[in-house]
1. Would you be able to say whether some residue in region A:176-193 is part of a strand (DSSP E or B), buried (at least 24 other Cβ atoms within 10 Å of the Cβ) and modelled with pLDDT of 90 or more?
2. What is the one condition in (1) among the β-branched types (Val, Ile, Thr); (2) within 14 Å of another protein chain (Cβ to nearest Cβ); (3) open to solvent by 20 Å² or more (accessible area, probe 1.4 Å) that B:Ile258 does not satisfy?
3. Residues that are under 21 Å from B:Ala255 (Cβ atoms) and in contact (Cβ under 8 Å) with a residue 60 or more places away in the chain: list the strands (runs of 3 or more DSSP E) wholly contained in region A:215-326 that include at least 3 such residues.
4. Given the residues A:Thr208, A:Thr231, A:Thr213, A:Thr243, which is the only one that is touching a Gly at 6+ places or on another chain (Cβ under 8 Å), open to solvent by less than 30 Å² (accessible area, probe 1.4 Å) and modelled with pLDDT under 95?
5. If a residue must be assigned to a helix (DSSP H, G or I) and at pLDDT 95 or above, how many such residues does region B:1-42 contain?
6. Could you say which residue among B:Gly207, B:Gly212, B:Gly239, B:Gly222 is away from chain A (no Cβ under 11 Å) and more than 14 Å from B:Glu298 (Cα to Cα)?
7. Looking at A:Ala201, A:Ala273 in this structure, which one is buried (at least 24 other Cβ atoms within 10 Å of the Cβ), over 30 Å from A:Asn94 (Cβ atoms), modelled with pLDDT of 95 or more and more than 14 Å from every other protein chain (Cβ to nearest Cβ)?
Protein chains: 2
Amino acid sequence: MFRWLLLASLVMSTAGAAETPPIAIVIHGGAGTILKSEMTAEKEADIRAKLEQSIKAGHQVLQDGGSSLDAVTTAIRILEDSPLFNAGKGAVFNAIGQNELDASIMDGETLNAGAVAGVKTIKNPIDLARTVMTHSPHVLLVGDGAEEFAKNQGIEQVDPRYFHTERRLRQLQKIQAKEKLRAEYRDSWFSTVGAVALDKAGNLAAGTSTGGTANKRWGRVGDSPIIGAGTYANNQSCGVSATGHGEYFIRAVVAYSICARMQFENLSLQQAAARVVKQELVEMGGSGGVIALDKDGEVAMVFNTPGMYRAAIGRDGTLQIKIYQD
Amino acid sequence: MFRWLLLASLVMSTAGAAETPPIAIVIHGGAGTILKSEMTAEKEADIRAKLEQSIKAGHQVLQDGGSSLDAVTTAIRILEDSPLFNAGKGAVFNAIGQNELDASIMDGETLNAGAVAGVKTIKNPIDLARTVMTHSPHVLLVGDGAEEFAKNQGIEQVDPRYFHTERRLRQLQKIQAKEKLRAEYRDSWFSTVGAVALDKAGNLAAGTSTGGTANKRWGRVGDSPIIGAGTYANNQSCGVSATGHGEYFIRAVVAYSICARMQFENLSLQQAAARVVKQELVEMGGSGGVIALDKDGEVAMVFNTPGMYRAAIGRDGTLQIKIYQD
């Protein structure tokens, strides 16, 4: 009798495991010339701890049966609130000493999407991007108009000084003093943040948030708020969040291109991401990387720079946190 | 002797024809619910005449050995300068009675691109988009920053009243009085303009220019200035300019998606354009259309609305000007 019960229990458990839909989440905190020689043990520990906090919070949402949109938003909010990354608090300064923030989010089930560019008072731009998606007939709102929409919607606004950090101010002063915009520019996307998640219902979502490039001028907008370039999600193919030299990422339509290569060229997620990031972008001269997930919970973290802050919890539940090339 | 000369001349002429690289150009003046019942003979004649002037000017550039970028810019400037279309002079008004203009351009040879959104004083936004491409390290500039860049570059600026037209003001008043934004919104992309050209060197270029949607709020940006959504060009596949309900065109990454389906799925230009416009967009609920050219000079003009203002001069030199479904 005991043996029968045990057997029945094992069968049920196995059946249950086979039927459990996969969940997975992957995040990034930017790609660039992250050199071990310039990294202190303390800074590395801080960054790893914040990536771990972010991905665990997002994964918990998925474990609790929450949506991939909620997981992505939860993970990105934590990175936006940290001064360690170029998004929300700690964003880079533009050429006239302001923090101008961009963000986008996309729902792979419905292909709904929302994005904001050039906002200056929104504590968590990813929340505003999501509200544009859910509470406006639009996809992309920019500048003062986006702030007015935020006010109408009761999105948390802060004094622009909230975003200021000493580190980023020194970075701006250094760039401006040396007048070597082009040289510094190369890595200024460094520490944009993003997340992609797959929930129990099988839905993918992706989001990205950034302060753009340090010392940017003329209302420059990069790839992060551009659906197709910085962010894309479609349950039929994959979800992607990108970080890199935005001008190249826009021209290569990076996020959507990875999904399109899976869908039309029958490449695997890893193959599609590698083709775009390690081949197409390299040929164009565009540095950066992507994180991506497909509907089976396969994870890709691909970059053509020395490093990319990144973390993943795949469908087997294993946590990875990495900074440099493997 | 005479017969020999004639034969030699015929052979040379045939050989010459075979070696002459194809040139082609296609333009649009927007898609939407263009109903014969609401069109006067006079208005239709005006629109046909302006489309003819635009496409012939662009084609002349190509015949003279000019670049596809010059042909696209030339054709679009003429449509921007005409009050008949929703671009440049004659653009729609936003919710607070301003004309906010967006434009983009892309070079299929280099994949360089430029775009502007939300500008209010630029006489020809397509010229500013091109200057962003050629004279800035950026792809997309928005709002006041874009105007400042224009000033630095000596781009022609005008008093915002230059863009005002009585017809568009009445349209705004009608929408606002009836408070039926959603109902009117459906067709407000109607008369965005765009052009795609193939030059003797085999290079494709595409551009798009618009006033966006009437009564738009909150700094709304549609697909026209988004590289990948409203405009894309790549010599390896095709050039596309789109016009339609921008939010859907962004989410479907319409312009790039047509190129991607040619490149990765081996569809013909016509098949790829039909797949995206008549199938994918229809399933999503997105109305509008595209014009496109491939590197052989094949022309596609595909839309899922009752009409699209359009004209083409294909590689055989034949001029077509059309408004309704064939």
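1. Checked against the condition, which is being part of a strand (DSSP E or B), buried (at least 24 other Cβ atoms within 10 Å of the Cβ) and modelled with pLDDT of 90 or more, region A:176-193 yields at least one hit.
2. (3)
3. A:231-233
4. Only one candidate qualifies: A:Thr213.
5. Going through region B:1-42 one residue at a time, the tally reaches 0.
6. B:Gly207
7. Every option except A:Ala273 fails the conditions.
The values are calculated or read from the model by the stated rules, or taken from the named source; none is laboratory data. Fair warning: this is a prediction, and the values are worked out from it, not measured in the lab. Positions of Cβ are backbone-derived with ideal geometry, glycine not excepted, and every protein chain shown enters the neighbour counts. Ligands, DNA and RNA are stripped out before the accessible areas are found, and what is left, the full protein with its side chains, is counted by its heavy atoms. Shrake-Rupley method; radii C 1.70, N 1.55, O 1.52, S 1.80 Å.
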